[in-house]
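Taking it in order: structure first as structure tokens, then the write-up.
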Amino acid sequence: MSTDSWITLVVLIITGVVLVRDRFPAVIVLGGAVAALLFSGVIDQDVALSGFSSPAPATIAALYVVAAAVTLTGALNALVDRLLGKGSLLRLVSGTAAISAFVPNTPLVAMTAPRLVRSCRRRGVSASRFLMPLSFASLLGGTITVIGTSTNLVVSDLLKQAGEEPLGMFEVTAVGLPVAVVGVVVLVTIGARLLPERVAASTNVGRRARAFQMAARVDRDGPLHGRTVAESGLRGLEGAFLALIERTGADGSVTTITASSDTVLDADDVCCFVGDSARMIDLHELPGLTSLERSQLAVAEGPGTRVFEAVVSPGSRLIGATLQSAEFRTRYGGAVMAVHRADGEFTGQLGRLQLRAGDVLLVLASATFGTRWRGDADFSLVAALDDPPPSRRYRAWLPLATALAMIVAAATSWLTLFEAALAAALVVVVGGVMSAREAWRSVNIDVVLTMAVAISLGGAVSASGLAAEIASLLGSDGVLSAGDAGLIAAVIIITIGLTELVTNTAAAALMVPVGLSAAAEAGTDPRAIAIAVMVGASCSFLSPIGYQTNLMVFGLGGYKFTDFARVGFPLTITTVVTATTALSLFVA
């Protein structure tokens, strides 16, 4: 191999190790890899910046805006409720797969999962029987069209960089539709028998939160009146913390205040504490406080106060930090009442627990917490336990009509996909469905930037000559001699393995140039290989960390890590077989 190829290989190995350790956001790791190749002279500035000049990141950003408009107006709520209403697994997974073909799967699951949990709670059934199928169905549906997932757009753009035409809107349907149909059948038959019965996060966290709560009133003539929270000693309590203060005004109105160090306590303020149950007993004896013996902090009467479930995302600033070191209350404006961790319980004090990706935080905060932090890179999902009905239902027709027009315009090549998505985003903003600020906040910047640097890294793998070298090694090992079907199957399997280790976007970025080089050497249709990579990178069923939607439901459903492998293994096998068969016919 050439020197450039060796340098690229070393950089990729280091990148893979860092990604697997999950200590830094993927965008930082992939961006660092691109920078290392740029500064070492392996690639030039054009390659390093190719992802940022690509239309794919901007396209997915525009699609996020359209999806947010649908959510704000509740345009799909009636349809989603019909899917959830009667507890039919077949209806849920088939409907979700169909919707996911046209709505990016990450915002779709973010919108649907909380409604599913509430629906299961009302029916008295375990949400774990439905949350994993919801995520898997959204992944399957995402393979049906090129806009189903951001991964498809990354693959399409890398294909274009290689000198080929980008994937058409429905070009992948001949492969993705059979994969989705077979996958749905497997989910409702074999998968239904393998689905675990777990305690959902909302139930588990709710029980823990109710056990560790206390409310106490500041005595009018006591030593705490007129002192700040820090001066009163309520900020640094051992094993407990002051979450909120409820203050009654002269007119009888109640205001809820997120407690900070410099908040001054007034007489008759109600202090809401969360923490170790043993410390709750000690607080009864604290001078200046009178316990109210109230058991339900989660239903605090303060106007606008609500309880949110927030799932810690991969690469979040919270990973590895504690609630205390992250200054959660100051930074996010909410109090964490409890933490649910899938795949095992934790013991000890909440404030000292090191957070991990997938942890579900039960946050007590004002109603604006959801609008401020939903879509932020620190959280995969932010949802209120009691979401109110959308306030903009009268405009629900506009985002649906706009989305339909976008699909038609892109499918008929009247506009490029980027132009159609951008026009749709502008229409929902100019049409008054959402403000420009709301549109900006609806875009997951972490996903957009990760796509950009991943495309640049994929270009680097090709430009350095490493892709061609790996393709030659595949040929020497007999993979290329196995024919089109053998090459396609190998590409899908390798991509699936990479996806479970280093996330779907990174896997696609690495495998597209390798796959295209192998296709050129074997004389196989490069578009078939690109679609094979797309399927492998999109269909992440073996672990919760390969795809963000899996991580969303991981904590919410109370799953164990091995639950995904148990249900996902037969689904992965059938996906590989179905996709290989369909793509073999594709190139025939």
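Tallying residues that are in contact with a Pro (Cβ under 8 Å, 6 or more places away or on another chain) and in a loop (DSSP other than H, G, I, E, B) within segment 549-584 yields 2.
For segment 527-548, give me each residue that is buried (at least 24 other Cβ atoms within 10 Å of the Cβ) and either touching a strand residue (DSSP E or B) at 6+ places or on another chain (Cβ under 7 Å) or outside any helix (DSSP H, G or I) (or both). If the condition is that a residue be buried (at least 24 other Cβ atoms within 10 Å of the Cβ) and either touching a strand residue (DSSP E or B) at 6+ places or on another chain (Cβ under 7 Å) or outside any helix (DSSP H, G or I) (or both), then Cys539, Ser540, Phe541, Pro544, Gly546, Tyr547, Gln548 are the ones that fit. The set of residues in segment 409-435 being open to solvent by less than 80 Å² (accessible area, probe 1.4 Å), part of a helix (DSSP H, G or I) and modelled with pLDDT of 85 or more consists of Ala409, Phe418, Ala420, Ala421, Leu422, Ala423, Ala424, Ala425, Val427, Val428, Val429.
Residues in segment 308-327 that are under 12 Å from Asp359 (Cα atoms) and either among the aromatic types (Phe, Trp, Tyr) or not in a loop (DSSP other than H, G, I, E, B) (or both): Glu309, Ala310, Val311, Val312. Within segment 262-274, being over 14 Å from Ala216 (Cα atoms) and surrounded by 14 or more Cβ atoms within 10 Å (Cβ to Cβ) holds for one residue alone: Thr263.
Does any residue of segment 74-87 turn out to be over 18 Å from Ala405 (Cα atoms), surrounded by 19 or more Cβ atoms within 10 Å (Cβ to Cβ) and at pLDDT 85 or above? No: segment 74-87 contains no residue that is over 18 Å from Ala405 (Cα atoms), surrounded by 19 or more Cβ atoms within 10 Å (Cβ to Cβ) and at pLDDT 85 or above.
Among the candidates Phe569, Phe586, which residue alone is over 19 Å from the mean Cα position of the chain (by Cα), of a type outside the set (Asp, Glu) and buried (at least 17 other Cβ atoms within 10 Å of the Cβ)?
Details: Phe569 fails: buried (at least 17 other Cβ atoms within 10 Å of the Cβ).
Residue meeting the stated conditions: Phe586.
Residues are listed down the side, and each one gets a yes or a no for (1) over 20 Å from Val502 (Cα atoms); (2) at pLDDT below 85:
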| site | (1), (2) |
| --- | --- |
| Leu551 | no, yes |
| Gly557 | yes, yes |
| Asp563 | no, no |
| Phe569 | no, no |
| Val577 | yes, no |
| Thr580 | yes, no |
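Give the residues of segment 539-585 that are of a type in the set (Gly, Ala, Ser) and closer than 15 Å to Thr495 by Cα, sorted by residue number. Before the answer, list the steps.
Step one: list which residues in segment 539-585 are of a type in the set (Gly, Ala, Ser), which gives 540, 543, 546, 555, 557-558, 565, 568, 579, 582, 584.
Of everything in segment 539-585, those that are of a type in the set (Gly, Ala, Ser) and closer than 15 Å to Thr495 by Cα turn out to be Ser540, Ser543, Gly546, Ala579.
Considering only segment 221-236, state which residues are assigned to a loop (DSSP other than H, G, I, E, B) and modelled with pLDDT of 85 or more. Hits for segment 221-236 are Gly222, Pro223, Leu224, His225, Gly226, Arg227.
In segment 344-361, the count of residues that are open to solvent by less than 40 Å² (accessible area, probe 1.4 Å), assigned to a strand (DSSP E or B), modelled with pLDDT of 75 or more and more than 30 Å from Phe170 (Cα to Cα) is one or more.
Residues being at pLDDT 85 or above and touching a strand residue (DSSP E or B) at 6+ places or on another chain (Cβ under 6 Å) are represented in segment 318-325 by at least one member. For segment 118-132, state whether one or more residues are under 20 Å from the mean Cα position of the chain (by Cα), open to solvent by 10 Å² or more (accessible area, probe 1.4 Å) and β-branched (Val, Ile, Thr). No: segment 118-132 contains no residue that is under 20 Å from the mean Cα position of the chain (by Cα), open to solvent by 10 Å² or more (accessible area, probe 1.4 Å) and β-branched (Val, Ile, Thr). Pairs needed: first member in segment 33-45, under 17 Å from Ala467 (Cα atoms) and in contact (Cβ under 8 Å) with a residue 40 or more places away in the chain; second member anywhere, open to solvent by less than 50 Å² (accessible area, probe 1.4 Å) and not in a helix (DSSP H, G or I); C-beta distance under 6 Å; at least 6 residues apart or different chains. Final answer for the pair search is Leu37/Ile43; Val42/Ser464.
Taken over segment 7-27, the criterion of being surrounded by 15 or more Cβ atoms within 10 Å (Cβ to Cβ) and part of a helix (DSSP H, G or I) is satisfied by Ile7, Thr8, Leu9, Val11, Leu12, Thr15, Gly16, Val18, Leu19, Ala26, Val27. In segment 245-260, the condition of being assigned to a helix (DSSP H, G or I), open to solvent by 50 Å² or more (accessible area, probe 1.4 Å), of a type in the set (Lys, Arg) and at pLDDT 80 or above is met by no residue.
Pro388 meets the conditions (1) modelled with pLDDT of 80 or more; (2) under 24 Å from the mean Cα position of the chain (by Cα); (3) assigned to a loop (DSSP other than H, G, I, E, B) in every case but one. The failed one is (1). Evaluation of Asp446 against the conditions (1) more than 30 Å from Ile7 (Cα to Cα); (2) assigned to a helix (DSSP H, G or I) shows that the sole unmet condition is (1).
The values are calculated or read from the model by the stated rules, or taken from the named source; none is laboratory data. Given the structure is predicted, the values throughout are model-derived calculations rather than measurements. Virtual Cβ from ideal backbone geometry, glycine too; neighbours counted across all protein chains shown. The area values use the complete protein model at the heavy-atom level, side chains included, leaving out ligands, DNA and RNA. Shrake-Rupley method; radii C 1.70, N 1.55, O 1.52, S 1.80 Å.
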